[in-house]
Amino acid sequence: MARPELQPTIGELLDRQGVSRRSFVKYCTAMASLLALPPHAARAMAEQLRAARRPSVIYLSFQECTGCLESLTRSFAPTIENLIFNVVSLDYDDTLMAAAGSQAEEAREQAMRANYGKYLLVVDGAVPTGDGGVYHCAAGRTGLDILTDCAKGAAAIVCVGTCASFGGLPFADPNPTGARAISTLVPGKPVVNVSGCPPIPEVIAGTLLQYVTSGRVPDLDEHLRPTVFFGNSIHDRCYRRPFYDQGKFAKTFDDEGARNGWCLYELGCKGPTTYNACATIKWNNAVSFPIQSGHPCLGCAEPDFWDRGSFYSPIPSPRWGKAGEVSPAQAAAIAAGAAVAGAAIGVGSVLLGRRRIERHQQEPKSQSGKGNEE
């Protein structure tokens, strides 16, 4: 493996593959839009990326279902091929790499030595710590040992999925394996959580691209998630939000409200307390997302979502949304009040109009004629 300073820049790799600067700027424009950056940032991103060297990426998988990696491989912007071959150097991933056994482990160790202090560590899955960590072993080592070893020389750690970010399903009560989130096991290291079960592929790829462009972790929220993707609740951006404001809620999955696309809050939607980009970036190249498909949000991007009660029970009012947000009951009352007020105004307008007509008919003819002469 070549030393980092001898590796070609991303721009040199693109030139070798015949990718024009114009095409690359268009690509960066799409990325800037994905990251909610101003239009002029696209050209700056293009210049920075062309001059940058591909960072080494080591991808580890622990207690997980491979769904997060499956999600990443379905990214449309950038595609997984573009991400791996042009933007980053994926030096270890035991699911995607051709090598296996001792060859795979040697590739990881070589990448760590050659890029010590500079490589990006990507992790999916929680790490079991119970009974000495025996519930996850690879190459004769526990997952906890592998994580500790790889984290030492990492510039930053990106946790992909809710299991790596918050413990996820393995962490759910009663947690027999002692599963823990990555951030609790790597003190002193910059950690970025890209939560979701699984995360949106463009959010994973966009987070990696943002790190490559800037060389640092993005702005994060209180759960260490990139604010550019997790800064708004799904409820804030949901196309069904107007129905919520009108107090219109589906009561069952096949009633009139469901058929008319009304708000799914009463069917258990966790969108008001879940922060993610599902309603804007969506899935499968922006085709749809769960709420658009008629199913309430499960809140899978939030900590402890498995242990927060039934997926199909409404959120208790005390935990509802942000300060100043009205509850569904208040929304219904406001909508009902508005309807009553509207009806009252309408009736009042009709009565007022009738009285004006009656007064006009009762006016003396002479007065009416005088008015016409004037």
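If you take the residues in the range 262-312 that are small (G, A, S) and not in a loop (DSSP other than H, G, I, E, B), which one is farthest from the chain's Cα centre (by Cα)? Walk me through how you get there before you give the answer.
Residues of the range 262-312 that are small (G, A, S), as a first pass: 268, 271, 277, 279, 286, 288, 293-294, 299, 301, 309-310.
Add one more test, that the residue is not in a loop (DSSP other than H, G, I, E, B), and what stays is 271, 288.
Working: G271: 12, S288: 14 Å.
The extreme case among them is S288.
Being under 25 Å from the mean Cα position of the chain (by Cα), in the same structural domain as V158 (by TED's automatic domain parsing), among the aliphatic types (A, V, I, L, M) and at pLDDT 90 or above holds for only one residue in L60, L72, and it is L60. Residue pairs whose Cβ atoms lie under 7 Å apart, separated by 6 or more positions or on different chains, with the first residue in the range 261-284 and surrounded by fewer than 24 Cβ atoms within 10 Å (Cβ to Cβ) and the second of a type in the set (D, E) and not in a loop (DSSP other than H, G, I, E, B), are I281/E202. Within the range 299-314, if we keep just the residues that are at positive phi and at pLDDT 95 or above, the residue that is surrounded by the most Cβ atoms within 10 Å (Cβ to Cβ) turns out to be G299. Considering the range 192-260, there are no qualifying helices (runs of 4 or more DSSP H) wholly inside with 3 or more residues that are without any contact (Cβ under 8 Å) to a residue 60 or more places away in the chain and of a type in the set (S, T, Y). In the range 129-175, how many are more than 27 Å from the chain's Cα centre (by Cα), polar (S, T, N, Q) and either modelled with pLDDT under 95 or not in a strand (DSSP E or B) (or both)? Number satisfying all stated conditions: 2.
What number of residues in the range 176-191 are part of a loop (DSSP other than H, G, I, E, B) and within 14 Å of R225 (Cβ to Cβ)? So the count comes out to 2.
The values are calculated or read from the model by the stated rules, or taken from the named source; none is laboratory data. Note that the structure is a prediction, hence the values are computed from the model and not measured. Don't worry about glycine lacking a Cβ; one is built from the backbone with ideal geometry, like all the others, and counts go over all protein chains shown.
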